[in-house]
Amino acid sequence: MNESGTRKRAGGNAGGGVQNLRLKLMVFALVCALPLFGSLLFGLRAVSWVPMAAYGVVSLVAFLLYWSDKRKARADAWRIPENVLHALELAGGWPGALLAQQLFRHKTRKVSFQVVFWFIVLLHQVFWIDQLFLGSSLF
């Protein structure tokens with residue numbers, strides 16, 4: 001309990017919200033920069049608008065599934081399998097998943113989940129580094 005008599009959540013603030021918001025927004029902007037820039041270049045160069053659309057649409061679906069899974073966790077109901085969440089992240093939904101993790105404080109403490117999640121984010125970064133700077137030598 002804090003001085004106002006409300007219960008404090010472990011590892012979080014009692015009023016909800018995102019802790020360290022500025023830092024998390026900066027990290028979010030940094031990890032989204034390459035995919036956003038690369039997707040935009042692909043579209044403008046008439047290669048394909050699919051990456052831009054996929055990041056947007058699949059991120060929205062991932063965000064909604066994280067929200068649903070958090071509600072189901074609280075209600076002790078059937079949960080969305082982690083491999084489904086990871087498949088959406090891999091398909092381009094990791095920005096929406098990252099936002100949902102922070103807004104709903106969901107799946108942020110499970111280390112095994114976070115390792116796979118950040119590996120997926122890293123794969124996307126490597127893909128765009130390859131596309132933009134290495135002439136598609138890896139993918």
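Just so it is clear, none of the values below were taken in a lab; they were calculated from the coordinates. Being a predicted model, the structure only gives us computed values, none of them experimental. We place every Cβ from the backbone using ideal geometry, glycine too, and count neighbours over all the protein chains shown.
Looking only at the range 65-82, residues that are touching a residue at least 12 places away in the same chain (Cβ under 8 Å) and assigned to a helix (DSSP H, G or I) come to 8 in all. Out of curiosity, is residue 78 farther than 20 Å from residue 29 by Cα and over 15 Å from the mean Cα position of the chain (by Cα)? Yes: the conditions hold for residue 78.
Among the residues examined, residue 106 qualifies as crowded, with 17+ Cβ neighbours inside 10 Å, over 20 Å from residue 36 (Cβ atoms) and touching a helix residue (DSSP H, G or I) at 6+ places or on another chain (Cβ under 8 Å). Under the condition of being closer than 17 Å to residue 105 by Cα and in contact with a Leu (Cβ under 9 Å, 6 or more places away or on another chain), the residues counted in the range 60-88 number 8. Give the number of residues within the range 66-102 that are among the aliphatic types (A, V, I, L, M) and closer than 20 Å to residue 35 by Cβ. The total comes to 9. Among the residues of the range 102-114, just one is closer than 11 Å to residue 69 by Cβ and without any contact (Cβ under 8 Å) to a residue 40 or more places away in the chain, namely 104.
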